[in-house]
Amino acid sequence: MSIIQHKSDYTTRNRAFNCRMRNRYYEEVYYAFRALEPILSELATTDQKEIWHSQMSLQIQKYETILVTCLEYAQASIFYGKTEKMSSFSTDKRWGILQEEIFIVYFLQELLSTIRYIGTRLDTDHVLQELDISMQLKVIHPQITGFISNLQKNLDALNKATVKEFLDLTSHLRERFQIGNAVFGTLQELQHFY
């Protein structure tokens with residue numbers, strides 16, 4: 001009987017640790033997003049796309065690392081994907097799993113998916129910018145630029161659409177964080193691990 005009790009004590013201590021780490025990293029995720037917002041918004045006004053791309057790529061990588069860590073702790077705190085599960089909060093007010101905790105896991109997965117999409121789009125956009133620059137350098141004879149000038153017009157249109165897409169995604173993430181922060185506030189209110 002003491003072995004079962006010991007395992008239960010270990011499990012609950014581990015859960016408390018994972019919840020505290022999830023909470024700590026969730027705050028870091030939010031503050032890292034707040035640091036990303038001005039850089040994303042700067043895209044609409046900057047003329048130095050190359051510098052912007054390198055800054056943004058670095059920030060996205062840092063953000064993704066923090067987000068992955070937070071997600072791992074959030075999943076561990078609810079024993080995500082494991083057969084041994086804790087009871088729900090309705091039956092165990094101290095150690096039970098809240099529905100909000102499950103929501104936070106899916107919320108973080110969605111954030112990670114969006115950030116990875118933005119990172120991939122940045123990489124693609126960077127390649128297209130380099131293509132545009134190389135085409136501009138190859139234009140030696142103005143009479144041979146028919147196809148290239150059409151392609152450059154399409155790239156310009158794509159660049160404008162990309163800027164709008166990034167601004168829309170930033171707005172979307174900001175709205176999602178309002179919901180996530182409200183749920184996170186509930187978690188902090190209800191969970192008091194000693």
*Name, by its number, the condition in (1) among the hydroxyl-bearing types (Ser, Thr, Tyr); (2) modelled with pLDDT of 80 or more; (3) surrounded by fewer than 11 Cβ atoms within 10 Å (Cβ to Cβ) that does not hold for Tyr194.*
(2)
*Does segment 95-116 contain at least one residue that is out of contact with any helix residue (DSSP H, G or I) (no Cβ under 6 Å at 6 or more places or on another chain) and modelled with pLDDT under 80?*
yes
*Write out, first by first residue and then by second, each pair whose Cβ atoms fall under 6 Å of each other, whose residues are 6+ apart or on separate chains, and whose first residue, in segment 109-137, is more than 30 Å from Arg176 (Cα to Cα) while the second is modelled with pLDDT of 75 or more.*
none
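Being at pLDDT below 90 and over 17 Å from the mean Cα position of the chain (by Cα) is the requirement here; does Ser2 meet it? Talk me through it step by step, then tell me what you get.
Working: at pLDDT below 90: yes; over 17 Å from the mean Cα position of the chain (by Cα): yes.
Judged against the criteria, Ser2 is a match.
Residue-by-condition table, conditions (1) farther than 20 Å from Leu98 by Cα; (2) loosely packed, with under 12 Cβ neighbours inside 10 Å; (3) at pLDDT below 85:
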site: His6; (1), (2), (3): yes, yes, yes
site: Glu27; (1), (2), (3): no, no, no
site: Gln48; (1), (2), (3): yes, yes, yes
site: Ile60; (1), (2), (3): yes, no, no
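The values are calculated or read from the model by the stated rules, or taken from the named source; none is laboratory data. In this text the structure is predicted, and so the values were computed from the model without any measurement. With ideal geometry, Cβ positions are generated from the backbone for all residues, glycine too; neighbour counts draw on all protein chains shown.
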